[in-house]
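K.L.:
My questions all concern the structure below.
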Amino acid sequence: MRLTVPHMGLLSTAYTRVLRQHGVDMQPPPPATVRTLDLGVKHAPEFACLPFKINLGNMIEALDNGADAILMPGGYGPCRFGYYGVIQEQILRELGYRFRMSTTDNPDRLSDMIGTIREISGVRSKFDGYSIFFLILMRMAALDRATALYHYYKPRELNREDTDRVLQQSVRMIDLADSYSRLFKVMPEIKRLFRAIPIDETLTPVTIGVLGEIFVVIEPFANFGIEKKLGEMRVEVRRGVWLSDWLNDRFRFRPFRRNQTAYARKLARGYLNYPAGGESIETVGKTLLFQKKGVDGVLHIMPFTCMPELVASTIISRISKDRDYPVLSMTFDEQVSEANIITRLEAFVDLLERRRHEGISRY
Amino acid sequence: MKHPRIGIPRGLLFYSYADLWMSFFRDLGCEVIASPETNAEILKEGLRHTVSDLCLPVKTFLGHVAVLKEDVDLLFIPRHVSMEQESYMCPKMIGLPDVTRACFAHLPQVLDPLFHVKQFGDKAADEFTRPIAKALSLSPVRTAESFRKLMSESFGGTAERYRQACSVLSEDTAVPPASKKICIGIIGRPYLLFDRYLSKNLFSFVRKLGANPVSLRPAETEIREAMTIIPKWVYWDMGKEVVASAHVFFKDDRIDGVINVCSAACGPDSFTGDLIRKRLNQRNKPYMTLSIDEHASDAGIQTRVEAFIDMIAKVTA
């Protein structure tokens, strides 16, 4: 059985090596390209959202490369994500592929996740199942930590691409750290690497909080590498949604990290009083948080027809009006062009710089 | 507040629960008014107040709020999260009160009780009526009782049965009679089907063409049966009903063709539409999806329906 799991940001880096060590024959899909998206768009329902289409393209390419089993997380929630697997399986079978499809139907329950891991790997004992699962989560958190460092150093770097190189190196180091002890050793090293990058210390870059639907936020292919682009425009990104936070809210593997969903829910009160699925509550709550913290503006990104984020985008445009806070909502789908994105980003960054210059925003 | 005027926008779940809501508030001694049926003016108001690409029914709903807000003391916009265990409403319904507040700068007080069976189980009705009682300064116990009584009178009492409280708001829909006419099963969400303006008078148009339009609200057993055919329980409350009614129509020999009316870019329908087309239509009955948005013209819709019925007539003749 050659198992494949669709990509989502750096997630595959977190689990591939660990699962391979435990006897799972992993076949990650090739990195998403325009062809991936084209395949997805061709076979998906017209109004399916962008993550669905990219995932479907991932699956087709992985099956073409010899995978014969797919793991797709599922669930029951107001968002369409829980139903992805069913529709994707149906489409792939129609195309004539033969494969085994497994879904974890309750990704919120720890026992379910451990069950999935024991099912796909040769691991027998429950303890080993838990230990593997939490190692994967810790690796995910480490990758997120490295990305956060990247956000800080990227706008300040003196030599172009320095920070990107260090990030790549860090990802490789985390990928190789296949035990808890190695992982803990590697983290200080990564921090040292970032600190060694020559930076412009006098620069106080414009800050932009990036919020929105989690897949589009963390998957550079889906958002045209928006974080790198912002970094190159000398903008410091403050990302509001992290995959490790999403996982931590459910499984509490980092006991000292606050439950972000609960926190956002508290912050959003008065604007969105009940979570409308997906990341809607995080988007609303953290927009308010970013404003309080003096972040210059918020960039809200979502896939076209994303239901929870449409609710959130309506509400944050009210917040923007009420509090005179710059918010830019951008919708991503297969029709969006890179030039369009860049132009809008540049205009937004110009606006923020002027506001700061005129002393409207803090700092 | 004694005897306030309560306004209910005629949109979305109004088409499912209007009778229940109206008689509930009347029993509490309030004056209830609903906005008029959708017209061009209301839709225009809705479009003017929407700030993002929300779907047509939500935009229309906001138009209804706009025409209603000046005349009432309280706006009743309930937040329906789940109607039974293992189901959810669409996120836009869950966020509806907040979206409404975000779209208007000045609104009367919004009454947004939470209906959430997945979380509160049999207590959902009490949780639902508590904020209403508070806003109207009534006894919470008596209010809950009166709501339960209304539910049980017609529908057996438990919170789960609330879903059944739907009253189809159109005299247009009939049970298939044993006639020689072509029968067209029409499926879709009540707030789109039975809003005559949004559905471009689909029912009467089908009738004018000499065919019989049929729509139904699936029973619990039919929903369960339909769910056994598809691989995973459809967890959207209304999506589930659309799927189940499609199943009933595809099975029924008296129905000659099925039209699925959905709004463009409807999230759940983009998936359930795929299921219906590929899984449920095993006997290959004529099936068509009509997707409607604010740019849909009467003529465009009518041409497609006409062609669809002509095709069926040719096949059956």
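K.L.:
Leaving out ligands, DNA and RNA, what percent of the accessible area of the protein assembly as shown is carbon and sulfur, probe 1.4 Å? Intermediate values should be presented prior to the final figure.
P.N.:
Working: 14120 of 27600 Å².
Its accessible area is 51 percent carbon and sulfur atoms.
K.L.:
Going toward the positive end of the dipole of the range A:169-208, with +1 on Lys and Arg Cβ and -1 on Asp and Glu Cβ, which of A:183, A:206, A:170 do you reach last?
P.N.:
A:183
K.L.:
What accessible area per residue, rounded to a whole number of Å², is obtained for the range A:125-204 using a probe radius of 1.4 Å?
P.N.:
Working: 4130 Å² over 80 residues.
Heavy-atom accessible area per residue stands at 52 Å².
K.L.:
Counting protein heavy atoms only and a 1.4 angstrom probe, how many square angstrom of accessible surface do chains A and B bury in total, to the nearest 100?
P.N.:
Numbers: alone 16920 and 14110 Å², together 27600 Å².
The contact between B and A buries close to 3400 Å².
K.L.:
In a Gaussian network model over chain A where Cα atoms closer than 10 Å are linked, find which of A:324, A:38, A:296 has the largest mean-square fluctuation.
P.N.:
Comparing A:324, A:38, A:296 in a Gaussian network model of chain A, the most mobile one is A:324.
K.L.:
Give, rounded to the nearest 20 debye, the magnitude of the charge dipole that the range B:1-114 has about its Cα centre when Lys and Arg contribute +1 at Cβ and Asp and Glu contribute -1 at Cβ. Before the final figure, lay out the partial values.
P.N.:
Values: 11 positive and 14 negative charges, 48 e Å.
About 220 debye.
K.L.:
Counting only protein heavy atoms, probe 1.4 Å: which residues of the range A:277-307 lose 40 Å² or more of accessible surface in the full assembly compared with their chain by itself?
P.N.:
With the partner chains in place, the range A:277-307 has these residues losing at least 40 Å²: A:307.
K.L.:
Once phi is turned into ³J(HN,Hα) by the Karplus curve 6.51 cos²θ - 1.76 cosθ + 1.60 with θ = phi - 60°, what whole-Hz value does each residue of the range B:131-136 show in order, with x for glycine and proline?
P.N.:
Ordered by residue, 3J(HN,Hα) equals x, 5, 4, 5, 5, 9 Hz.
K.L.:
Further, regarding this structure: Let me spell out the model: positive unit charges on the Cβ of Lys and Arg, negative unit charges on the Cβ of Asp and Glu, origin at the Cα centre of the range A:205-363. What dipole size does that give, in debye rounded to 20?
P.N.:
Working: 24 positive and 20 negative charges, 200 e Å.
I would put it at about 960 debye.
K.L.:
Then there is this: Among the chymotrypsin sites (Phe, Trp or Tyr not before Pro) within the range A:233-326, which fall in a DSSP loop and have no more than 16 other Cβ atoms within 10 Å of their own Cβ?
P.N.:
A:256
K.L.:
Once amide H atoms are built 1.01 Å from N in the peptide plane, which residues 5 or more positions from residue A:329, or in another chain, come under 5 Å H to H?
P.N.:
Placed amide hydrogens put A:300 under 5 Å from residue A:329.
K.L.:
In whole angstrom, note down how far apart the Cα centers of the range B:9-80 and the range A:8-76 are.
P.N.:
43 Å
K.L.:
Using the Cα gyration tensor of the range B:208-316, with a ≥ b ≥ c the square roots of its eigenvalues, what is the shape: rounded (a/c below 1.5), prolate (a/b larger than b/c) or oblate (neither)?
P.N.:
Working: a/c = 2.07, a/b = 1.31, b/c = 1.58.
Cα axes put the range B:208-316 in the oblate bin.
K.L.:
Given the options B:268, B:113, B:91, state which has the largest fluctuation in a GNM of chain B using a 10 Å cut-off (strictly under) for Cα springs.
P.N.:
Per the Cα network of chain B with a 10 Å cutoff, B:91 tops the list.
K.L.:
Would you pull out the residues with amide H under 5 Å of residue B:293's amide H, same chain only if 5 or more places away, H placed 1.01 Å from N?
P.N.:
Counting only residues 5 or more places away or on other chains, the set is B:264.
K.L.:
Can you give me the accessible area per residue for chain B, using a 1.4 Å probe, in Å²? Walk me through the numbers on the way to the answer.
P.N.:
Values: 12400 Å² over 317 residues.
Per residue, chain B has an accessible area of 39 Å².
K.L.:
Moving to a separate point now. Of the options B:25, B:262, B:138, report the single residue whose Cα projects farthest towards the positive end of the charge dipole of chain B (beta-carbon charges: Lys, Arg +1; Asp, Glu -1).
P.N.:
Most positive-ward Cα: B:262.
K.L.:
Out of A:286, A:185, A:266, any idea which swings most in a Gaussian network model of chain A, alpha carbons joined below 10 Å?
P.N.:
Maximum fluctuation in the GNM of chain A, among the listed residues, is at A:185.
K.L.:
Also, quick follow-up: Have a look at A:141, A:27, A:40 and report the one farthest towards the positive end of the charge dipole of chain A, computed about the Cα centre with Cβ charges (Lys/Arg +1, Asp/Glu -1).
P.N.:
Of the options given, the answer is A:141.
K.L.:
To the nearest 20 debye, what charge dipole does the range B:183-316 have about its Cα centre, counting +1 at the Cβ of each Lys and Arg and -1 at the Cβ of each Asp and Glu? Provide the component values of the computation, followed by the final result.
P.N.:
Numbers: 18 positive and 16 negative charges, 63 e Å.
Approximately 300 debye in magnitude.
K.L.:
Right, next: List the residues of the range A:47-85 whose accessible area drops by at least 50 Å² when all protein chains are present, compared with their chain alone, using a 1.4 Å probe and counting only protein heavy atoms.
P.N.:
The answer is A:47, A:76, A:78, A:80, A:83 - residues whose exposure falls by at least 50 Å² when every protein chain is included.
The values are calculated or read from the model by the stated rules, or taken from the named source; none is laboratory data. Remember, predicted model here, so these are calculated numbers, not experimental data. Cβ sites come from the backbone with ideal geometry, for glycine too, and all protein chains shown count toward neighbours. Accessible surface areas use protein heavy atoms only, side chains included; no ligands, DNA or RNA. Shrake-Rupley method; radii C 1.70, N 1.55, O 1.52, S 1.80 Å.
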